[in-house]
1. Could you give me the ³J(HN,Hα) list for the range A:208-219, computed from phi with Karplus coefficients 6.51, -1.76, 1.60 and θ = phi - 60°, whole Hz, x at Gly and Pro?
2. With the crude spin-label approximation of a point 7 Å out along Cα→Cβ, what separation in nm comes out for A:Ala46 versus B:Thr73?
3. Place a label point 7 angstrom from the Cα of B:Arg59 along the Cα-to-Cβ direction, then list the residues of the range A:44-65 whose backbone nitrogen is under 17 Å away.
4. Only helical DSSP H runs with n ≥ 4 go in: add -39500 (n - 2.57) per run for the protein assembly as shown, normalise by residue count and round the 222 nm mean residue ellipticity to 500 deg cm²/dmol.
5. What FRET efficiency do you get for B:Asn106 and B:Ala177 if R0 is 25 Å and r is their Cβ-Cβ distance, rounded to the nearest 0.05?
6. With +1 on each Lys and Arg Cβ and -1 on each Asp and Glu Cβ, how big is the dipole of chain A about its Cα centre, in debye rounded to the nearest 20?
7. Please compute the average number of Cβ atoms from other chains found within 10 Å of each residue's Cβ in peptide B:192-200.
8. Apply 1/(1 + (r/R0)^6) to the Cβ-Cβ distance of A:Glu34 and A:Asn132, taking R0 = 56 Å, and write down the FRET efficiency to the nearest 0.05.
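Derivation of every value follows stated rules applied to the coordinates shown; laboratory data play no part. All values derive from a computational prediction rather than experimental measurement. Please note: Cβ atoms are built from the backbone with ideal geometry, for glycine as well, and neighbour counts cover all protein chains shown.
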2 protein chains.
Amino acid sequence: MVKAVGKRYGQVDQGVPAHVRLASALRDTIASGELLPGDLLPGDAALMDATGLARGTVRQAVATLRAEGLVQTRQGARTSVLQRPRLQPFSELLSFTAWARQQGANPGARMVELVRRSVDPAVAHELRIGDNDLVWTMVRVRLLDGVPVMVEHAAYPERIGALLVDADLEAGSVYAALAEHGIEVASGHHRISAIAAEAADAELLRARPGTPLLRQERTVFASDGTPIEHSDDRWRGDSIVLDAVNSVQGSQLARRAPD
Amino acid sequence: MVKAVGKRYGQVDQGVPAHVRLASALRDTIASGELLPGDLLPGDAALMDATGLARGTVRQAVATLRAEGLVQTRQGARTSVLQRPRLQPFSELLSFTAWARQQGANPGARMVELVRRSVDPAVAHELRIGDNDLVWTMVRVRLLDGVPVMVEHAAYPERIGALLVDADLEAGSVYAALAEHGIEVASGHHRISAIAAEAADAELLRARPGTPLLRQERTVFASDGTPIEHSDDRWRGDSIVLDAVNSVQGSQLARRAPD
DNA sequence: GATCAAAACGTGTCCAGACAGGTTTCCCCA
DNA sequence: TGGGGAAACCTGTCTGGACACGTTTTGATC
């Protein structure tokens, strides 16, 4: 078993740090079914033998898997495999276009509006601007294989929105357009809730008013910590599921009463 | 600024590992507002001076904050603060009772049924039992300050359910009851979607059929990796918001099309 | 004031060593 | 066969050292 890990370690691209290589080899061994949930990973000493790495480096690789929720560790006891669904990179989580393509569907967008106006104080607060400042707001319908599945209400600070006015937002992704101007997204906060469709959204989604929508509000930050987008995606309830994994060793999900 | 960190480090309980202490001191410094999003943390050398710790230990504390999504790091550049909402421990995320109490509300439960029966194949699969095996299934209404906010449909493998039949599940928490028998929860998978209330759930929640519900399905695993619960919580849409944080350095949330 | 190169700074990685303490296995005895 | 203790195993922590490499600042020149 430790031989399988060592073999995989030897097959991973040597241009990456050793601890990343080993984490990848372990991840692949788990994904292959050779290690099942509840099974024990090789210990530090065995992994050191199989890879020629120092113990600190081995520990770092295992710590990476722990932070991903793949394994569980306990002092004195062998590290064990946890079960988890497939997750996705942040970029894919953010971008409707990337997500649709990853699942083999044809993404589409229909622009409803892109205007400069002021927004309500809660959104202004999220974007860290004054209540009366102007922002660029956009409404788009997002389609999968021609079927409307989501209405997106997004707000951008002036300097960000200005980069988008000339972009083709029916064919491409906001984030791709921003990346062309050197703006990279780094993190986001999501707020998830269930709402009843109002008349305008219902019409855009070809559904009855009152139909349940999964509401996904999001504030997205650039790598310098400034907010670059506040969006409010309203998905047809029958079009999406969100998966999340959590463990006592790391949880990025929280429940609260509404504001 | 680094003095503030050093002072906080000195105030943290010495019974915990040094890297945990430092991570806590840094977390508190950020939470206090002394470090704002975009601000730079002191570098390794300054933190070493302020705390007397080795560089490896300092790096480990910073890596902890990075995994939590609190800070962003980049080779050669100073570590910077990211913005994030308050999150909650896993135990609080899982337990309605703990969550309600944490927010100062009075939790309640009304048992609808607790019976042994077989369940549909998808649930059987999640619990890793045969399609015709019997499980304990439970339906409860959960109340906050006497108001019904959630209907919980839960399924337990026989050996787990058997521990619950004698517990007072209107007054207390399933997880607390299991913990009394040495069963500790370790991780979970969540699936989040929006649905329309069926007649039975609507009646229990005192809402109209068709009203939007936030559906939170969950499979919970014990520390040995075995599934101990499959639950399907249906929350009134107006009673709950789920917060999640994500970054390019770690994301535990994923979007997919429904099965 | 602008530009460029070098120096200083800061982070990422990796190593070897040592100690603490929890878990698991093995052996012995009743 | 069951229980207890010791040994072996395993993970968690911490240290100091060194090298690689990316970022920021400084100083010199035009």
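1. The phi angles translate into 6, x, x, 5, x, 10, 8, 9, 10, 8, 8, 10 Hz.
2. Once both label points are built, they end up 2.9 nm from each other.
3. Residues passing the 17 Å test: A:53-65.
4. Values: 20 runs with 165 residues, N = 518.
Rounded to the nearest 500, the figure is -8500 deg cm²/dmol.
5. Details: r = 20 Å, r/R0 = 0.78.
Between B:Asn106 and B:Ala177 the formula returns 0.80.
6. 1180 debye
7. 6
8. Between A:Glu34 and A:Asn132 the formula returns 0.40.
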